[in-house]
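The next block holds one structure in the form of structure tokens; read it before the comments.
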Amino acid sequence: MQVLGIHTGSFRWFTTDKALENPEAAPEHERTIEEECLVFFVGIEKADASESPDALATALAQHVRERSRMLSVTSVVLYPYVHLVSDPGPAGTALSVLRGAHQKLDDAGLTVYRSPFGWYKGFDLKAKGHPLSEWSAHLTADAVSEGKAKAEVAPAKDRFERYIVVDANGKQHDVTPDTFEACEILQRPEPVYGLLRHFVANEFARGESGGEEPAHIRMMRQHELIDYCDVSEKGHYKWYPKGVLMLRLLLEYARSLALEWGAQEMKNPLVIRGDNNVVGELMGEFHERDYKVDGGRGICYLRYASDPLGFPFMQKVRFSVHQSPLKLYEEASCFRNEQEGEVSGLRRVRNFLMTDMHAACANDEQARDEFRVLTLRFGRLMNDVIAQNRWVLGWEGTTDFFAQNQGWLVALGAEMRVPAFIKLMPEMTHYYAMKNEFQSITRDLQNIQVSTVQWDVKDGPRFDIGFVDSDGAFKPCPVILHASSFGSIERTMCTLLENIAVDQDNGKPPCFPLWLSPTQVRVVPVKEDYLALAEQFADLFTENRIRADVDDRQESVGRKVRDAEVEWVPYTVVVGQRETLDGALTVRCRQEQDDKRALSAADLTRLIRERTGNVPWLPLPIPRRLSKRPIFFG
């Protein structure tokens, strides 16, 4: 990175034309600074693309602060200037570095101006002309040691200025990190307020943890669902056949939910070019989590969500105000280069599947309606499928947006009868003015964000996503809603397993949700003479879209029944001389108060179909006969 610095008595810039197809949105096209300032012309080189943008931003911020102290000048200008280098780096990297340095210098208390990126510009300046008024520097990420960087750049300011606890009826109570424990709402005896208390404590970094390995890690391996992969890096997992079944069922549920909402399904690539400026601006907010790919044709990135490729997709779609909102859905395989200490089981991973939904809205009223529909639908999803009523709502947004929309936002929580914790900031730091997060509390008292709905006011104008109005004019979408039903499949699996562990602690037999159970009915012949009859029963259940297997192993009936219990099989049927296809069966029901019931095969079929309803179904993912199955774990 090359830097040319000039100490000036005043400085003026003005844009003339676009230098890139998609330049940075310019808040102002002309600026005059009528005060003493330091102007830093910055050029990013091709070699910088292999470095962390955050580390380069830290190096630039450190250099600016040193000059600021040396010359006792607190106003600085960051000016992108590609002409300083002969082999320029990707536009996305350059923008990430400039944005990152701007934030770090602002956090350090300097007055920072930054000229817009991706424009041809002119400028006027009045150099001071003293011996230290002009200088140049070559900066690298390697020059910044971790300790020095921390010493030179002040810690970030607390983003939030107000915190509110809301009960299930909408009653509000302001709290602070020092006073929240005395909040009357958090002292209530109902279990949901205990969950809210843990969530608030975690958000204020005052939470507790059991200190042991999370329950879901043990369960996902013992039940041959998901496991670590030795030949990959931490945070990337392999899925066994039973786990793949659950994954596909969850994805089909998410897809059905999105299509019922009115979305159209799309699919985008995984790789993002590093020289796309607008996408680079969006990714600049996640630069510390980038996964880089270099195929010899320039630096690219693996997408961290569907947004960086989904929004250019939406940009090309033509639709009218009568066709709005434009609703799209994508199963997005995403990558985030999380820090080593943050990766933990399925709670936070580096590769995950998101169920992403977007709605490009023509006006605020339309956006409010869709926001409400999605929030209420996700509330039912959390209760019925994911977290068994063991969840609370988190909100995060700007003070102004909350003040203008407080009534209907708080009413959403009251309509779902769920308490909430709201964090408000003075200004936007990302793309959203407000978002909610459906937070499940795990067995070890940590919280997992699952579903979310977000109110985005930046990306419509940023990506030029808009509609043709009734007067024939093109108008940008003022709001794009981001939503995710399951958040990620990995976090949903984590939540499901952690809730099973809570059930187990409360004395309930652990069991997968019936529609997700790899085996829904196990047929156990008392001896080999009845194996053919057992197969007939399995055929009957399979024809009725019930996953059934047969324990044909040379083991005692007692051992086979115990093994079915260990595998959490919901229903076990033992067949012998007295059982016939149309007669009564003795059915062991894992989660029934009366664990043995006399049911015919037809009655059991009806019972299972009633309890699974219209959820997706897939056939058994492993051999029907247990004697034919390999051992994947243990």
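The values are calculated or read from the model by the stated rules, or taken from the named source; none is laboratory data. What you see is a predicted model, and the numbers here were worked out from it, not measured in a lab. Glycine gets a Cβ as well: all are built from the backbone with ideal geometry, and neighbour counts include every protein chain shown. Note: accessible area is taken over every heavy atom of the protein model, side chains too, but ligands, DNA and RNA are not part of it. Shrake-Rupley method; radii C 1.70, N 1.55, O 1.52, S 1.80 Å.
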Q: Counting only residues that are at negative phi and in contact with an Asp or Glu (Cβ under 8 Å, 6 or more places away or on another chain), give me the strands (runs of 3 or more DSSP E) lying completely in segment 1-99 with at least 2 of them.
A: 2-18
Q.
Let me confirm something: among Arg248, Arg221, Arg197, which residue is outside any loop (DSSP other than H, G, I, E, B), more than 27 Å from Leu514 (Cβ to Cβ) and either among the basic types (Lys, Arg) or open to solvent by 60 Å² or more (accessible area, probe 1.4 Å) (or both)?
A. Arg197
Q | Pairs, first in contact (Cβ under 8 Å) with a residue 24 or more places away in the chain and on the phi < 0 side of the Ramachandran plot in segment 527-542, second basic (Lys, Arg) and open to solvent by less than 50 Å² (accessible area, probe 1.4 Å), C-beta under 8 Å, six or more apart | A | Phe541/Arg547
Q.
Pull out all pairs, ordered by first then second residue, where Cβ-Cβ is under 7 Å, the residues are six or more apart or on different chains, the first lies in segment 163-182 and is free of Cβ contacts under 8 Å to residues at least 60 places away in the same chain, and the second is part of a strand (DSSP E or B) and among the basic types (Lys, Arg).
A. Asp174/Arg162
**Q.** Residues (modelled with pLDDT of 85 or more, part of a loop (DSSP other than H, G, I, E, B) and either touching a Ser or Thr at 6+ places or on another chain (Cβ under 8 Å) or buried (at least 18 other Cβ atoms within 10 Å of the Cβ) (or both)) located in segment 565-589
**A.** Glu567, Trp568, Val569, Pro570
Q. Among the candidates Glu30, Glu45, which residue alone is closer than 24 Å to Val293 by Cβ, free of Cβ contacts under 8 Å to residues at least 60 places away in the same chain and open to solvent by 20 Å² or more (accessible area, probe 1.4 Å)?
A. Glu45
Q | Of all residues making up segment 49-73, the number that are in contact with a Gly (Cβ under 8 Å, 6 or more places away or on another chain) and open to solvent by 10 Å² or more (accessible area, probe 1.4 Å) | A | 3
**Q.** Hits in segment 100-138 (condition: among the charged types (D, E, K, R) and farther than 29 Å from Lys18 by Cβ)
**A.** Asp107, Lys128, Glu134
Q: Inspect all residues belonging to segment 409-426 and state whether any of them is out of contact with any Lys or Arg (no Cβ under 7 Å at 6 or more places or on another chain), open to solvent by 10 Å² or more (accessible area, probe 1.4 Å) and under 23 Å from Pro312 (Cα atoms).
A: no
Q: Tell me, yes or no, whether segment 332-341 has at least one residue that is under 15 Å from the mean Cα position of the chain (by Cα), open to solvent by less than 10 Å² (accessible area, probe 1.4 Å) and at pLDDT below 95.
A: yes
Q: Working only within segment 535-564, note down all residues that are of a type outside the set (S, T, N, Q) and assigned to a loop (DSSP other than H, G, I, E, B).
A: Arg545, Ile546, Arg547, Asp551, Asp552, Arg553, Glu555
Q. If you check Pro80 against the conditions, is it closer than 17 Å to His7 by Cα and either crowded, with 20+ Cβ neighbours inside 10 Å or touching a helix residue (DSSP H, G or I) at 6+ places or on another chain (Cβ under 6 Å) (or both)?
A. yes
Q: Provide a single number: the residues in segment 593-630 that are within 25 Å of Val526 (Cβ to Cβ), in a loop (DSSP other than H, G, I, E, B) and open to solvent by 50 Å² or more (accessible area, probe 1.4 Å).
A: 4
Q) Pairs, please: C-beta under 9 Å, at least 6 apart or cross-chain, first residue farther than 12 Å from Leu60 by Cα and in segment 126-140, second among the hydroxyl-bearing types (Ser, Thr, Tyr) and in a strand (DSSP E or B)? A) Lys126/Thr8; Lys126/Ser10; Ala127/Thr8; Lys128/Thr8; Ser133/Thr8
Q) When you scan segment 342-401, how many residues do you find that are part of a helix (DSSP H, G or I) and either under 30 Å from Ala215 (Cα atoms) or modelled with pLDDT under 95 (or both)? A) 13
